[in-house]
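The values are calculated or read from the model by the stated rules, or taken from the named source; none is laboratory data. What you see is a predicted model; the values in this text were computed from it and never measured. Heads up, the Cβs are rebuilt from the backbone with ideal geometry, glycines too, and the neighbour counts pull from every protein chain shown.
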């Protein structure tokens, strides 16, 4: 069986562990998550790996330990967004697993020990708790989020225990950087660049920085039929200025993307002037300077635009994650592996966040992107081809056989 065929078969089986409905919905600590862990554990053992479920709910598969060698961590996440796709996260587990199984069958020796890690939670769809699994290994896990609750009031700690994990052991999971040979993640591109270039894979140079804000706009409710237009304090009208400002700024700034993703309108009635709007703004850039400059420019512009509608506003920053550069040494190794397999190497940055954001705190990181159909991700129609899965697996195999510990 080819590597690509095995990856696609496993991906289909993993995708079956989903809540009913479109696409794949598999949330941290859910019955679907628990069922997937059973499959992954079996596949890892077939590949000659010893397995362990750690305190953060990560499933860890280890090659036989060789004294004197450092450990390369490879992995991605098991969880999905709601109604997501079959490959986001899971490809980064199943593709290297297929490679390790083939190397095990061929009795090939590697220059590093391997830990293949299926991280428990990266998306945060159930508890708004991104990077749970990888932050535990990096030593940056915030224990306060164990008390975070889902829509039904269940805590993150109870979700981990339902998997068989012991959250009390999380502080012991931090890896010693001196023992590591880097971190490698394989991921679908989640964008259209590789497809446009007709390339199966690409080397990631950096993972974008992200910041998220909440804006509260207060106007004045009134009867929509009796209040003259020039006397209104329409909070939703002021909010449209925010939407336009974010879009215009990102359209006209290189290496910057952003969105107003949520709008909550009060009283949200057909014949009442909106009195209050809460909205979110997200900005992303692989360059801190660009993102911070955009934020300052945007906030200054918003004040002018909102006040002219007779409304008041407040703002709070909810989240900020600095960008992370991928290791030049690992980029070079992946580029060499791509060239050795006969493909044109191409370097691009990731506009999405990944577990590498956390893992970079303890070891140099690298990422290999795999072409996805129409650049589509976080969507039921997310897709890759068997041919591209095979190509990416061959690149990973080439890289592993020649892995050099980055300085």
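Scanning region 125-144 for residues that are crowded, with 19+ Cβ neighbours inside 10 Å and either over 14 Å from the mean Cα position of the chain (by Cα) or without any contact (Cβ under 8 Å) to a residue 60 or more places away in the chain (or both) yields 126, 127, 136, 137, 138, 141. Taking residue 103 as the residue in question, decide whether it is surrounded by fewer than 22 Cβ atoms within 10 Å (Cβ to Cβ), over 20 Å from the mean Cα position of the chain (by Cα) and under 17 Å from residue 7 (Cβ atoms). Judged against the criteria, residue 103 is a match. Restricting 320, 282 to residues that are in contact (Cβ under 8 Å) with a residue 12 or more places away in the chain and crowded, with 17+ Cβ neighbours inside 10 Å narrows the list to 282. Checked against (1) surrounded by fewer than 21 Cβ atoms within 10 Å (Cβ to Cβ); (2) in contact (Cβ under 8 Å) with a residue 24 or more places away in the chain; (3) out of contact with any strand residue (DSSP E or B) (no Cβ under 6 Å at 6 or more places or on another chain), residue 399 meets all criteria but (1). Criterion first (touching a strand residue (DSSP E or B) at 6+ places or on another chain (Cβ under 6 Å) and assigned to a loop (DSSP other than H, G, I, E, B)) does residue 309 satisfy it? When the stated conditions are applied, residue 309 does not pass them.
Just to check your reading of the model, which residue among 60, 24 is in contact (Cβ under 8 Å) with a residue 40 or more places away in the chain and more than 25 Å from residue 365 (Cβ to Cβ)? Within the list 60, 24, the selection yields 24.
Mind checking which residues of region 1-20 are assigned to a helix (DSSP H, G or I) and either out of contact with any strand residue (DSSP E or B) (no Cβ under 6 Å at 6 or more places or on another chain) or not assigned by TED's automatic domain parsing to the domain that holds residue 149 (or both)? Selection gives 3, 4, 5, 6, 7, 8, 9, 10, 11, 12, 13, 14.
Every test in (1) touching a helix residue (DSSP H, G or I) at 6+ places or on another chain (Cβ under 9 Å); (2) assigned to a helix (DSSP H, G or I); (3) at pLDDT 95 or above is passed by residue 344 save one, and that test is (2).
Just one of the numbered conditions (1) under 21 Å from residue 174 (Cβ atoms); (2) in contact with a strand residue (DSSP E or B) (Cβ under 6 Å, 6 or more places away or on another chain); (3) touching a residue at least 40 places away in the same chain (Cβ under 8 Å) is not true of residue 121: (2).
Let's see how each residue does on (1) in the same structural domain as residue 129 (by TED's automatic domain parsing); (2) free of Cβ contacts under 8 Å to residues at least 60 places away in the same chain; (3) more than 30 Å from residue 232 (Cβ to Cβ):
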residue: 288; (1), (2), (3): no, no, yes
residue: 295; (1), (2), (3): no, no, no
residue: 304; (1), (2), (3): no, yes, no
residue: 312; (1), (2), (3): no, no, no
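Just one of the listed residues (345, 328) is more than 18 Å from the chain's Cα centre (by Cα), surrounded by fewer than 22 Cβ atoms within 10 Å (Cβ to Cβ), assigned by TED's automatic domain parsing to the domain that holds residue 100 and closer than 25 Å to residue 115 by Cβ, and it is 328. Within region 245-255, identify whether any single residue is assigned to a strand (DSSP E or B) and within 30 Å of residue 184 (Cβ to Cβ), and answer yes or no. Checked region 245-255: no residue is assigned to a strand (DSSP E or B) and within 30 Å of residue 184 (Cβ to Cβ). Output yes when any residue across region 269-276 is part of a strand (DSSP E or B) and either under 30 Å from residue 356 (Cα atoms) or in contact with a strand residue (DSSP E or B) (Cβ under 9 Å, 6 or more places away or on another chain) (or both), and no when none is. Scanning region 269-276 turns up at least one residue that is part of a strand (DSSP E or B) and either under 30 Å from residue 356 (Cα atoms) or in contact with a strand residue (DSSP E or B) (Cβ under 9 Å, 6 or more places away or on another chain) (or both). Count of region 248-262 residues, restricted to those that are surrounded by 16 or more Cβ atoms within 10 Å (Cβ to Cβ) and either more than 23 Å from the chain's Cα centre (by Cα) or closer than 15 Å to residue 237 by Cα (or both), is 3. Of everything in region 194-232 that's without any contact (Cβ under 8 Å) to a residue 12 or more places away in the chain and farther than 16 Å from residue 273 by Cα, which residue is surrounded by the most Cβ atoms within 10 Å (Cβ to Cβ)? Here the answer is 196.
Taken residue by residue, region 369-389 has at least one member that is at negative phi, assigned to a strand (DSSP E or B) and buried (at least 16 other Cβ atoms within 10 Å of the Cβ).
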